[in-house]
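Notes follow once the structure below has been shown.
Quick note: the coordinates plus some simple rules give every number you see, no bench work behind them. All figures in this text were calculated on a predicted structure; none of them were measured in a lab. Please note: Cβ atoms are built from the backbone with ideal geometry, for glycine as well, and neighbour counts cover all protein chains shown.
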Amino acid sequence: MSKFAVLVLFVFCFVLCDTVSAQSSQAKTDALVAALAKTKYKKKEKKNISIEIYIDIKSEAVVKNDVREYSGVYEADSDYRLELSVSADGKVDGRGYDRRSNDSSKQNFTLKDARIEGALLTATKVYENGATENFEAVFNNRTVVTGKNPNQIESRETKYGLGFIQNNGDWTNRVFLELK
């Protein structure tokens, strides 16, 4: 095989790997955005009283032109907090706390090997006790629509933040951290 053929093969493999990586990142982003969605409708009737509740939660991935714009403090109530610092060259540092189990104690963590691809943040959470956990989150606009039913909407609110799925043994939790 000539040197030219080897070079062409190498370049082809490099481009293919880069394309697969980009597709993988986009596929993960799309899957996470879909997993964060939720629609719930309940109607109860008793005698002459009827109660209807409708909630629709949708997310849309947000890709920033300047990765430094992802920097900030993201929070959800007093249970979750993530402080992100992103430099112009894409270096991501992060630390925060969350609740990993059913107890009420907060567990501090730092992010290791964090990187941002499009709207996807991937890292490893390293807790103070040495435990580690893979972390994937998506920067997104989250819209919550509430009302009696899909035809009687009472409120619509959109907020920007970071969404992820927390798995803890027997239960799964959709978490949205709003940028403060």
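Summary table
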item	result
Theoretical gain in end-to-end length, T132 to K43 [0.36 nm per residue, Cα-Cα removed]	27.8 nm
Partner lysines for K43 [C-alpha distance under 24 Å; skip if fewer than 8 residues away on the same chain]	K58, K148
Using a Förster distance of 30 Å, the FRET efficiency for W171-D89 (Cβ separation, nearest 0.05)	0.20
Among S24, I153, Y74 - extreme Cα towards positive end, dipole of the stretch 3-179, charges at beta-carbon	I153
Size of charge dipole - the stretch 3-179 - debye, nearest 20, with Cβ of Lys, Arg +1 and Asp, Glu -1, no other charges	640 debye
For the stretch 62-180: rounded, prolate or oblate by the Cα gyration tensor [a/c cutoff 1.5]	oblate
Efficiency of FRET between T124 and E60 - r from beta-carbon atoms, R0 25 angstrom, step 0.05	0.40
